[in-house]
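Undergrad: Take this structure, written in structure tokens, and hold onto it; I'll ask about it next.
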Amino acid sequence: MFDCINFETLAALREIEKPGQMVFTAKLINAYLEDTEKRLKEVGTAHQSGNTGLLAKLAHAVKGSSLNVGADGLAALMMTIEREAEKGTLCDPERLIRMEASFRQVREALKSYLG
């Protein structure tokens, strides 16, 4: 189906739900999608302005929230951006393009998951 999502993570989230319901999982996914879209724009702005401190902080936040919803590939990409920024280095702009493309895939997969 979608290889950009670790569905075992989503299954673990559903285990804490009442049988037949997906309220918590749906709220978490929707909050993730909304928040991540905003944060990725901020990542681009921090990169453009050369603010590696803010870039590292934002990449760290997106990495963590992505892991929570099973977006492991996006999380790995954000970890790379975070590590480079922590060293005071801006990542290659191509990495930001991959970040945006990865998020589009994740968004599509999670929306499909929610139905």
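Undergrad: If I ask for residues that are surrounded by fewer than 14 Cβ atoms within 10 Å (Cβ to Cβ), assigned to a loop (DSSP other than H, G, I, E, B) and of a type outside the set (A, V, I, L, M), which ones from the range 3-22 would you list?
TA: 3, 17, 18, 19, 20, 21
Undergrad: Using the structure shown, decide if residue 25 is more than 15 Å from the chain's Cα centre (by Cα) and either part of a helix (DSSP H, G or I) or not charged (D, E, K, R) (or both).
TA: Details: more than 15 Å from the chain's Cα centre (by Cα): yes; either part of a helix (DSSP H, G or I) or not charged (D, E, K, R) (or both): yes.
Yes.
Undergrad: Got a number for residues in the range 23-43 being open to solvent by less than 40 Å² (accessible area, probe 1.4 Å) and either in contact with a Leu (Cβ under 6 Å, 6 or more places away or on another chain) or aromatic (Phe, Trp, Tyr) (or both)?
TA: Restricting attention to the range 23-43, the residues satisfying the condition of being open to solvent by less than 40 Å² (accessible area, probe 1.4 Å) are 25-26, 29, 32-33, 36, 40, 43.
After this cut, where a residue has to be either in contact with a Leu (Cβ under 6 Å, 6 or more places away or on another chain) or aromatic (Phe, Trp, Tyr) (or both) as well, the list is 25-26, 29, 32, 43.
So the answer is 5.
Undergrad: Checking residue 97 against (1) aliphatic (A, V, I, L, M); (2) assigned to a loop (DSSP other than H, G, I, E, B); (3) at pLDDT 95 or above, which test does it fail?
TA: (2)
Undergrad: Is there any pair with a first residue in the range 36-53 that is closer than 15 Å to residue 82 by Cβ and among the acidic types (Asp, Glu) and a second that is part of a helix (DSSP H, G or I) and at pLDDT 95 or above whose Cβ atoms are under 8 Å apart and which are 6 or more apart or on different chains, and what are they?
TA: 42/54; 42/58
Undergrad: I'm checking my understanding of the structure. Among residues of the range 52-84 that are small (Gly, Ala, Ser) and surrounded by fewer than 17 Cβ atoms within 10 Å (Cβ to Cβ), which one is nearest to residue 36 (Cα to Cα)?
TA: Narrowing the range 52-84 to residues small (Gly, Ala, Ser): 53, 56, 59, 61, 64-66, 70-71, 73, 75-76.
Still in the running and surrounded by fewer than 17 Cβ atoms within 10 Å (Cβ to Cβ): 53, 64, 76.
Numbers: 53: 18, 64: 11, 76: 15 Å.
By that ranking, first place goes to 64.
Undergrad: So which residues in the range 85-94 are within 8 Å of residue 52 (Cβ to Cβ) and surrounded by 15 or more Cβ atoms within 10 Å (Cβ to Cβ), if there are any at all?
TA: Within the range 85-94, 85, 86, 90 qualify.
The values are calculated or read from the model by the stated rules, or taken from the named source; none is laboratory data. All values derive from a computational prediction rather than experimental measurement. Neighbour counts run over all protein chains shown; Cβ positions are idealised from the backbone, glycine included. Just the protein is used for accessible areas: all its heavy atoms, side chains included, with ligands, DNA and RNA removed. Shrake-Rupley method; radii C 1.70, N 1.55, O 1.52, S 1.80 Å.
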